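Undergrad: Here it is, the structure in full.
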Amino acid sequence: MRAPLSWIRDFTPADAPVEQIVAALNQVGLEVEGVEEPGRDVEGVRAARILEVLPHPNADRIRLADVDHGDGTTRVVCGAPNITAGMVVPYAPVGARLPGGISLERRKIRGQVSEGMLLSPRELGLSDDHSGILELDPDTELGRDVREVLGLDDVVLDLSITPNRPDAMCIIGVAREIAAALGQPLTVPEPHAQGSGDVTSDITVVIEAPDRCTRYLGRVARVTPGESPDWMQQRLVKAGMRPISNVVDVTNYVLLERNQPLHAFDLDRLGGRGIVVRLAEAGERITTLDDVERELAPDDLLICDAERVPQAIAGIMGGATAEVSDATRTILLESAHFERMGIARSSKRLKLRSEASARFERGTDPDGVAIAAERAMELLERDDLGGAAVARDAVDDHPVHHERPRIRLRTSRV
C-alpha cells in the first residue's frame, strides 16, 4: 500500500523526521518497504504562462515561445506540438535541475537562443508521457515552485500490510498508527453532505443472501461527469491509482482514505431503479469492467438490478452494463458489507483480484458503510468535483447487525 505523507497529515500532524516515522511504523508491525520522494530531483522549475508562440525562422517543427515566469519574460525554443498562447506550463530556467542529473543551460537551437525549456510529464519524472508539454491549472500563480503546484514536495511510504491488519489498509488507518506511536492527536472529521431537496433515493434494495451481504446502502446523486481536480488526481496517482473521472475517482479516494470500497452505477441503466443482492445461478455470465465475459458459479454473489439482471460481482468488480460514463447523469452509490470468505473464494476461482476484493476478503467494518457513503457525497458536492445534487436520504438494508466485542482489562496492566 502506498501512503502519501501529505494525505496522512490531513488527520495527524506527523511532524517528525521521515526516518522516525518509518521506524515507528516498523515497530508497530506496518513494514515500510520503501520511501519515495517524487520531487527530490526537481529544483528551480516554475509555473509560467505562454504569452506568444512564434515560428522558428530556421526550422519547421520547432517554435519559439515567449513566457512570463512571474519575475519577467523570456524566450524558449520548444518542439512540442501542443503549446498555445495562454497555457500555464512548467518552465525550467537556466540552472534548474531535473531527474537524471540534468542541469539546464542556455542553448542555441538552430540559431535561436533558448533560456531554458518547457517540460513534459516525462521530463518531470511523472510518467512516460512525452507527447506534449504538461498543462497546469490556468489559475496557477506564475513563478510558483512546480513541486508545490503538482504536489511533488511529498514523501510516499510504501507499506506491506499483513492479512491480520485490514484496518491499516487506508490512509486513516496508517495515520492512527503514526499518531499513537508519536503521541500526537488523531482528528478524523465527521463527513457531512448538505444534500438537495430536489433529489431523493427513490430506489429499492433487496438482500436475498443476508449471510453473504449483511448490509447494503444505496444513495442517489445527480452528477456532471468530468475530470477530477489536480489535488485529487495527484493523491490517487501517488497512492498507485489511475484517475478516471470525478465520480469514479471519488469512490477510489474514499476507498483509499477509509478502507471502504464503493461502487457507482449509472442509475438510468439499471432496470427497475433498484438493487437485488443474490447468489448466481449455474452458468450465468457477466461482462465485467475489464471487458472480460465471466461464467459464474452458484457460490458467487451478485449485485443485480431490480429486474434481477447481473450488474456486478459483489465486492470484486462491476459490470459493463451500468458503468458510469460521460453520458451519466444520475448515479446509485453502493456502500456495502460482504462476508469476507465468500469474496475470497469467488476472487480466487475467477482469478480476478481488485482493490475492493483485497479489502473485503480481509474484512471491513460494517459500521463504516454509511460514513463512507456520506464522505463520498460530501466530496461529490464540491464545486471542483462537479457540484453534484445528492439525496439527503439513503436506502440502508441491514439484515444482520454486528455487535462490537467488549474487552475487559485493567488499565494498570496496559
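Each value in this text was obtained by applying a stated rule to the coordinates, not by laboratory testing. What you are looking at is a predicted structure, and each value in this text was computed from that prediction instead of being measured. For neighbour counting, all protein chains shown are included, and Cβ atoms are generated from backbone atoms with ideal geometry for every residue, glycine included.
Undergrad: Please find the FRET efficiency linking ARG106 to GLU148, where r is the Cβ-Cβ separation and R0 is fixed at 25 Å, and quote it to the nearest 0.05.
TA: About 0.45, to the nearest 0.05.
Undergrad: While we're looking at this one, here's another question. Once Rh for the stretch 217-315 is found with the Kirkwood sum over Cα pairs, what is the Stokes-Einstein diffusion coefficient at 4 °C and 1.567 mPa s, in µm²/s?
TA: 86 µm²/s
Undergrad: Across the stretch 47-62, in residue order, what do the Karplus-derived ³J(HN,Hα) couplings come to in whole Hz, using 6.51 cos²θ - 1.76 cosθ + 1.60 with θ = phi - 60° and x for Gly and Pro?
TA: Per residue, the Karplus-derived 3J(HN,Hα) values read 7, 9, 9, 6, 8, 7, 10, 10, x, 7, x, 10, 7, 8, 9, 10 Hz.
Undergrad: What nm value, rounded to one decimal, do you get for the distance between ASP365 and ARG413 when each label is placed 7 Å out toward the C-beta?
TA: In this crude label model, ASP365 to ARG413 measures out at 2.6 nm.
Undergrad: Now for a separate question. Filter the GluC sites (Glu not before Pro) in the stretch 375-414 down to the DSSP loop ones having no more than 14 other Cβ atoms within 10 Å, then list what survives.
TA: GLU403
Undergrad: Now for a separate question. Let's test the formula: R0 of 51 Å, r as the Cβ-Cβ distance of GLU307 and GLU31. What FRET efficiency results, to the nearest 0.05?
TA: Here the calculated transfer efficiency is 0.60.
Undergrad: Of the DSSP beta bridges with both residues in the stretch 204-397, give the percent that are antiparallel, rounding to the nearest 5.
TA: 90 percent
Undergrad: Using the Cβ atoms and a cut-off under 12 Å, what net charge is assigned to the surroundings of VAL247, where Lys and Arg are +1 and Asp and Glu are -1?
TA: Result for the local shell: -3.
Undergrad: Sort GLU141, GLU257 by Cβ crowding within 10 Å, fewest neighbours at the top.
TA: Fewest to most other Cβ atoms nearby, the residues stand as GLU141, GLU257.
Undergrad: Rounded to two decimals, what is the ratio between the C-alpha radius of gyration of the chain and 2.2 N^0.38 Å? Before the final figure, lay out each step's value.
TA: Values: Rg = 24.7 Å, N = 414, 2.2 N^0.38 = 21.7 Å.
In units of the 2.2 N^0.38 Å rule of thumb, it is 1.14.
Undergrad: Rounded to the nearest 20 debye, what is the charge dipole size of the chain about its Cα centre when +1 sits on each Lys and Arg Cβ and -1 on each Asp and Glu Cβ?
TA: Charge dipole of the chain: 940 debye, to the nearest 20.
Undergrad: Let me ask something additional. Length gain on complete extension for the stretch SER160 to ALA180, per 0.36 nm per residue less the alpha carbon to alpha carbon distance?
TA: Full extension from SER160 to ALA180 adds 5.3 nm.
Undergrad: Give me the Debye-computed log₁₀ of I(q)/I(0) at q = 0.19 Å⁻¹ for the stretch 204-397, equal point scatterers on Cα only, no solvent, two decimals.
TA: -1.42
Undergrad: Can you tell me what share of the DSSP beta bridges in the chain is antiparallel? A percent to the nearest 5 is fine.
TA: 95 percent
Undergrad: Quick one: Cα centre-to-centre distance for the stretch 238-270 and the stretch 133-168, in angstrom?
TA: Here the answer is 18 Å between Cα centres.
Undergrad: Let me ask you something else. Please find the FRET efficiency linking VAL94 to ASP384, where r is the Cβ-Cβ separation and R0 is fixed at 45 Å, and quote it to the nearest 0.05.
TA: The computed FRET efficiency comes out at 0.80.
Undergrad: Roughly what angle does helix 246-258 make with the longest principal axis of the chain, taking Cα atoms, 0 to 90 degrees, to the nearest 10?
TA: 70 degrees
Undergrad: While we're looking at this one, here's another question. Would you list which aspartates and glutamates come within 20 Å of LYS348, measuring only between C-alpha atoms, while excluding same-chain residues fewer than 8 positions from it?
TA: The reachable aspartates and glutamates, counting only those whose Cα sits under 20 Å from LYS348, are ASP211, GLU281, GLU284, ASP290, ASP291, GLU293, GLU295, ASP299, ASP300, GLU339, GLU361.
Undergrad: Another one. In square nanometres, what is one fourth of the surface area of the convex hull spanned by the alpha carbons of the stretch 69-121?
TA: Details: hull surface 17.2 nm².
Over all viewing directions, the stretch 69-121 projects a mean Cα-hull area of 4.3 nm².
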